[in-house]
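A short write-up of the structure that comes next.
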Amino acid sequence: MAAGVDKLIEGYRRFRAGAFQDSKPLIQDLVARGQRPQVAVVACSDSRVEPATLFQTDPGDLFMIRNVANLVPPLEEQGKFHGTSAALEFAVKGLGVKHVVVLGHAHCGGIKAMMTADTDGGQFTFVTHWVSMLAAAHRRVLATMSGADEETRTRACEQNAVLVSLENLTTFPWVRERVEAGELQLHGWYIDIAEGRLSVYDGAQGKFEPVG
Ligand SMILES: [Zn+2]
């Protein structure tokens with residue numbers, strides 16, 4: 001077995017002997033009756049952001065949607081392949097989740113790519129295009145904080161990306177209708193991965209507040 005995946009196979013063997021046996025009744029119920037998650041999470045593909053670990057959830061709890069920089073694109077109906085929109089549609093229309101959590105994080109490579117797109121020497125094609133959905137909003141944010149250091153600007157861009165995704169969520173009519181009917185709640189969360197600290201966006205105050 002190649003180095004790197006050895007750890008996965010060893011982990012699988014431990015899972016099969018231990019955790020799987022413990023959760024077998026739950027898994028078999030989820031198979032027999034179908035999954036019924038209450039929450040969909042849009043998280044980054046970043047290997048350091050692990051929602052199931054972070055929130056200590058079980059199989060069946062979270063419908064996971066992961067992509068570069070935890071983004072929800074705006075509604076686009078052209079004949080393209082929209083992976084994130086398809087996953088959202090399935091979660092909201094198919095499974096009837098009650099909550100969609102957009103989980104941003106500190107030290108996000110995707111946000112960094114957006115902020116350095118002009119100077120990265122054209123390294124990325126798909127990443128650059130994907131994160132360009134943030135460009136206009138981020139220009140507006142950065143224009144208000146010209147004196148701030150790089151770290152502060154980056155954290156502001158990461159948090160603002162969460163707000164852009166929340167806004168984009170409401171461009172999907174089947175999201176908007178359910179939110180207006182009180183059947184679906186949208187949440188903007190942000191994890192400082194180095195500190196393991198979660199903040200939650202408070203719409204009334206217009207800022208992220210740490211969870212006590
Ligand atoms: Zn990220």
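Here are some notes:
- With contacts taken as Cα pairs under 8 Å and at least 6 residues apart, the chain reaches a relative contact order of 20 percent.
- Cα gyration tensor shape for the stretch 1-127, rounded if a/c is under 1.5, else prolate or oblate: oblate
- Förster radius 22 Å - calculated FRET efficiency between M64 and I193, Cβ distance, rounded to 0.05: 0.80
- Each peptide in 89-100, 36-47 receives the mean, over its residues, of other Cβ atoms within 10 Å, and ordering these scores from highest gives 36-47, 89-100.
- Prolate/oblate/rounded call for the stretch 52-137, Cα gyration tensor, a/c under 1.5 rounded: oblate
- 5 angstrom amide H check on I193, placed H, neighbours 5+ away: A106
- Accessible carbon and sulfur surface of the chain relative to its total accessible area, %, 1.4 Å: 54
- Of the beta bridges in the chain, as assigned by DSSP with both residues counted there, near 30 percent are antiparallel.
- What the chain shows is 59 Å² of accessible area per residue, with the surface traced by a 1.4 Å probe over protein heavy atoms.
- FRET efficiency for the pair W174 and V5, taken as 1/(1 + (r/R0)^6) with r the Cβ-Cβ distance and R0 = 35 Å, rounds to 0.35.
- HN-Hα J in Hz across the stretch 125-140 - Karplus 6.51, -1.76, 1.60, θ = phi - 60°, x for Gly and Pro: 10, 5, 4, 4, 5, 4, 7, 5, 5, 8, 4, 5, 5, 6, 4, 5
The values are calculated or read from the model by the stated rules, or taken from the named source; none is laboratory data. Everything numeric here is computed off the predicted structure, so don't read it as measured data. Note that each Cβ is placed from the backbone with ideal geometry, even for glycine, and that neighbours are counted across all protein chains shown. With ligands, DNA and RNA removed, areas are computed over all heavy atoms of the protein, side chains included. Shrake-Rupley method; radii C 1.70, N 1.55, O 1.52, S 1.80 Å.
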